[in-house]
Amino acid sequence: MIQEIKGVLKAAVKDSFDVVIEPELSRPDERFGDYATNVAMQLAGQLSKNPREIAEALTGKLLDSGHFGKVEVAGGGFINITLKDEMLIDALQNSTSLPKTLEGQEILVEFGDPNPFKEMHIGHLYSYIVGDSISKLLEVNGAAVRRLSYHGDVGLHVAKAIWGMQHQPAGQELGLYYAAGANAYEDNPEAKEQIEQINEHIYKKDDEQINKLYDDGKKASFEYFDKILTELEVRNDRRYLESESADTGVEFVRQHTGTVFKESEGAVIYDGERRGLHIRVFITSRGLPTYEAKDLGLAELKNKDYPNAARSIIITAHEQSEYFKVMLAALAEFDEALANKTTHLSHGFLSLSTGKMSSRTGEVYSAENLLRDVQGEARKRYPDASNTYLAAVKYGFLKHRLGSDIVYDVEESVSLEGNSGPYLQYAHARARSILDKAPAGDGKITDLDIAERILARKISEYPEVVSKATQELMPHHIATYLYELAQSFNRFYEGSRVIGDARETIRLQLVKTYADVLRNGLELLNITAPEHV
């Protein structure tokens, strides 16, 4: 619908002023209309005219188009537009029919990325949930999405964990071994040297005992990660490992040393300062690749596996933002096309209302700990609702704008009172229960009273919200809209009887469309929509 309205506006501007323009539309408060446009302000400078004068000149043309019931000029030149009921009804009936704007595009989305030998913590959980939702947004717009992850199966953190396995009692969790090694690395010079030697053995694969500890730990880690992903119902299409990308990354750096990279005190660095960034090491003085070099190798591995991908999106925590700027700047110097199609998205820090935990000390609040705590709280309140806790966690994360820090409150997330996943699940089940009480039929909406129109207007926004969320890669737009939609329905239902009313047929269709949109929106957040309360 929004494209149709823009087309009418473009035609009116062209006819009135012989100017081609791409008009901007927004959704004003319902008191002022269905849409608003600042097209007069857009034209003012070009035409050297007063914006209000331009707006007044356009109103007649817009009314003559036959699409609008009312067109009014407001303020210094805004135009408020109210649709005719038949156009709004048409938009309502097509509210779940989304245009496939990304049809034919293959898009890579890398997210999650927990490292073996360490806990999957709540930050990884957030990355998996937000990455899955972004993938769903791209898919509903027609893209073929490849869900990827990248895991540090080599590096000092692995060496620290293996040192811990050698020096701590058997049978502990891998995260505790890592914590022991991390503490020893910082506090004990002898242990630090031992860990660095273990690190070299891991790369060379020349020590039988270390190889055995490495293989067993890696296998146990990925089995554990898979268990969590199965519970979350999050798909992973391909895992990449640092051990796979390391050699390719080193080769890239060596090939371009002297041009893109340079040697410095036995190491190989990239001088990002000449690009307004900072200097980073890509190969250490011991000849080992850093994260930077391995990420260059990963970019090439993805490109080989998916040569036709239109985009490559990488989701990590915010603290890696500056690192990615340097890595992508280096990549752009020898493969500009690959760097240009790579987008780094960062998410903020996730903590609990009870405080922040540190992996350095082993006091990690793991992904599984959070899931079990929320599940326990949900079971206290809703003994028969098996998936409520997942809705509480997913919605509790996704309602926040990507990039902002989140303080997650377990009790708030499972509450039916307020902006929560269980609240929206209940809202869907409530709407379905109304439909279950109705006689079978498939009536048509022919007209709208005031209350029905307000709800229909809100339902009709869904395709626009999905489009915005997809373009910005921001799932919180969906969450915000669904909460507002449920509130709009509650206000409608409080004042408008459905079953047994003279307008029952029309209102049942409204309820059905509302429930369908709510279900579709929840699916984009990977939240189930229960049929019964």
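All of the numbers you see were taken from the coordinates with simple rules; none came from a lab. Only a predicted model underlies this, so the values are computations on that prediction, with no experimental measurement involved. Note that each Cβ is placed from the backbone with ideal geometry, even for glycine, and that neighbours are counted across all protein chains shown.
Figures for the structure shown
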item	result
Antiparallel content of DSSP bridges confined to the chain, in %, to 5	50
Between the range 160-209 and the range 221-261, the Cα center-to-center distance that results, in Å	22
Computed magnitude of the charge dipole of the range 110-162 (debye, nearest 20; Cβ of K, R +1, Cβ of D, E -1)	20
Residue-averaged 222 nm ellipticity for the chain, from DSSP H runs of 4+ at -39500 (n - 2.57), nearest 500	-17500 deg cm²/dmol
Point-charge dipole on Cβ atoms (K/R +1, D/E -1) for the range 2-83, about Cα centre, debye to 20	60
Cα gyration tensor category, rounded, prolate or oblate, for the range 398-533 with a/c compared to 1.5	prolate
Gain in span if fully extended, ALA317 to LYS204, counting 0.36 nm per residue against the direct Cα distance	37.6 nm
Net lengthening on full extension, GLU472/ARG497 (0.36 nm per residue, minus Cα-Cα)	5.1 nm
Karplus-derived 3J(HN,Hα), 6.51/-1.76/1.60, for each residue of the range 176-183, Hz, glycine and proline x	6, 4, 4, 4, 4, x, 5, 5
Backbone HN-Hα couplings from phi across the range 217-228 [Karplus 6.51/-1.76/1.60, Hz, Gly and Pro as x]	x, 5, 4, 5, 4, 6, 5, 5, 4, 4, 4, 5
Translational diffusion coefficient (Stokes-Einstein; Kirkwood radius from C-alpha pairs) of the range 106-352 at 20 °C, 1.002 mPa s, in µm²/s	113
Distance (nanometres) between label positions extended 7 Å along Cα→Cβ at GLU106 and GLU263	4.0
Interchain or long-range residues, amide H under 5 Å from ILE406's placed H	PHE349, LEU350, SER351
Residue pairs, from the table LYS84/LYS394; LYS437/LYS458; LYS100/LYS380; LYS136/LYS212; LYS227/LYS512, whose Cα atoms sit over 31 Å apart	LYS84/LYS394; LYS100/LYS380; LYS136/LYS212; LYS227/LYS512
Built amide H within the under 5 Å cut-off of LEU345, gap 5+	ILE314, ILE315, THR316
Distance between modelled label sites at ARG379 and SER97, nm, 7 Å Cα→Cβ extension	4.6
Pairs of Lys in the range 2-83 closer than 17 Å at Cα, counting only those 8 or more apart or on different chains	7
Among (1) 27.8, 85; (2) 27.4, 93; (3) 25.1, 96, the entry derived from the coordinates for Rg and Dmax of the Cα atoms in Å	(1)
Three semi-axes of the equivalent ellipsoid, the range 14-96, Cα gyration tensor, whole Å, largest first	24, 13, 12
Interchain or long-range residues, amide H under 5 Å from GLU106's placed H	ALA144, ALA310
Net dipole in debye of the chain [+1 Lys, Arg Cβ; -1 Asp, Glu Cβ; about Cα centre; nearest 20]	1060
Largest-first principal axis extents of the Cα set of the range 334-439 (Å)	66, 41, 20
Calculated from backbone phi, Karplus (6.51, -1.76, 1.60) coupling profile of the range 391-396 in Hz, x at Gly/Pro	4, 5, 5, 4, 5, x
